[in-house]
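Visitor: Before I ask anything, here is the structure I am working with.
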Amino acid sequence: MRTGTVSNSLTRSVQRIPYQKTGRKLPVVLSCEEVSKLFDVVENLKHRTILMTAYAAGLRVSEVTHLRVSDIDSQRMMLRVEQSKGRQDRYVMLSHKLLTVLREYWRTYRTKHWLFEGQIPQQPLTRSAVHKVFQKVKLKAGIIKNVSVHSLRHAFATHLLESGVNIRKIQLLLGHRSLQSTQIYTHVARDYLDDTPSPLDILPDLSDVTSAKS
């Protein structure tokens with residue numbers, strides 16, 4: 001058998017070997033108390049508004065930075081998210097609390113096109129700038145969890161699920177094409193564990209066992 005034939009045969013054999021599946025990692029979720037603490041320690045109005053918008057609407061960082069003033073529909077209480085991941089538009093709810101903060105923010109900064117402008121005139125705020133803001137706020141709030149600004153989106157979905165919102169509705173709000181992407185939050189929602197007691201709690205108390213023996 002020629003060397004070239006053997007080499008081609010080995011190549012085909014290697015190509016048929018399946019790749020090892022990568023493990024699934026669950027997101028680290030901030031509690032409602034931790035999210036509130038984050039907002040409480042932010043003194044800068046612009047920074048607080050950015051983080052509150054990310055959480056209140058469950059937005060990705062790029063979606064927050066590319067919001068325009070015209071995307072705020074206070075009449076219908078909706079936020080328009082244009083050309084997000086997968087080149088799809090969607091609408092999300094506009095929180096009444098967030099609207100109050102947004103109005104205060106706009107009266108202060110008077111932005112015309114991009115809601116959150118960066119240092120370069122007429123350019124949106126960069127994603128790296130938002131990440132830096134979050135890390136500073138996280139340290140100030142004393143949160144030791146391994147979380148990033150994207151964790152606010154995870155918290156949005158998890159907190160909605162824990163409050164009884166249908167998972168398919170959460171899928172639409174997040175802009176997920178597949179329900180499978182949204183179902184990951186069923187594994188981190190608090191009621192997923194709260195409804196399942198540990199077998200240790202079912203055992204009789206140690207004091208009861210001791211008194212029975214005596």
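Visitor: Can you find a residue that is free of Cβ contacts under 8 Å to residues at least 40 places away in the same chain and in contact with an Asp or Glu (Cβ under 8 Å, 6 or more places away or on another chain) anywhere in the stretch 166-187?
Guide: No, the stretch 166-187 has no match at all.
Visitor: Give me the residue from the stretch 40-64 that is surrounded by fewer than 17 Cβ atoms within 10 Å (Cβ to Cβ) and of a type outside the set (D, E, K, R) and, out of that set, farthest from ILE143 (Cα to Cα).
Guide: SER62
Visitor: With respect to the numbered conditions (1) surrounded by 15 or more Cβ atoms within 10 Å (Cβ to Cβ); (2) more than 17 Å from the chain's Cα centre (by Cα); (3) of a type in the set (A, V, I, L, M), which one is the sole condition not fulfilled by ILE143?
Guide: (2)
Visitor: Failed condition for LEU200, given (1) modelled with pLDDT under 95; (2) surrounded by 11 or more Cβ atoms within 10 Å (Cβ to Cβ); (3) not charged (D, E, K, R), with all others met?
Guide: (2)
Visitor: Given the structure, is ARG80 part of a loop (DSSP other than H, G, I, E, B) and either under 17 Å from the mean Cα position of the chain (by Cα) or not aliphatic (A, V, I, L, M) (or both)? Walk me through it before giving the result.
Guide: On the way: part of a loop (DSSP other than H, G, I, E, B): no; either under 17 Å from the mean Cα position of the chain (by Cα) or not aliphatic (A, V, I, L, M) (or both): yes.
Against the criterion (part of a loop (DSSP other than H, G, I, E, B) and either under 17 Å from the mean Cα position of the chain (by Cα) or not aliphatic (A, V, I, L, M) (or both)), ARG80 does not qualify.
Visitor: Okay, moving on. Which residues, taken from the stretch 22-44, are more than 13 Å from TYR185 (Cβ to Cβ), in a loop (DSSP other than H, G, I, E, B) and among the β-branched types (Val, Ile, Thr)?
Guide: THR22, VAL42 - these are the residues of the stretch 22-44 that are more than 13 Å from TYR185 (Cβ to Cβ), in a loop (DSSP other than H, G, I, E, B) and among the β-branched types (Val, Ile, Thr).
Visitor: Do the conditions hold for TYR105, that is, is it touching a residue at least 12 places away in the same chain (Cβ under 8 Å), loosely packed, with under 15 Cβ neighbours inside 10 Å, over 16 Å from GLY58 (Cα atoms) and aromatic (Phe, Trp, Tyr)?
Guide: Here the answer is no, as TYR105 does not meet what is asked.
Visitor: Still on this structure: With respect to ASP40, determine if the residue is under 19 Å from ARG107 (Cα atoms) and of a type in the set (Asp, Glu).
Guide: Details: under 19 Å from ARG107 (Cα atoms): no; of a type in the set (Asp, Glu): yes.
Criteria not met by ASP40.
The values are calculated or read from the model by the stated rules, or taken from the named source; none is laboratory data. Quick caveat: nothing in here was measured; it's all calculated off a predicted structure. Cβ coordinates were reconstructed from backbone atoms using ideal geometry, including for glycine residues, and neighbour counts include every protein chain displayed.
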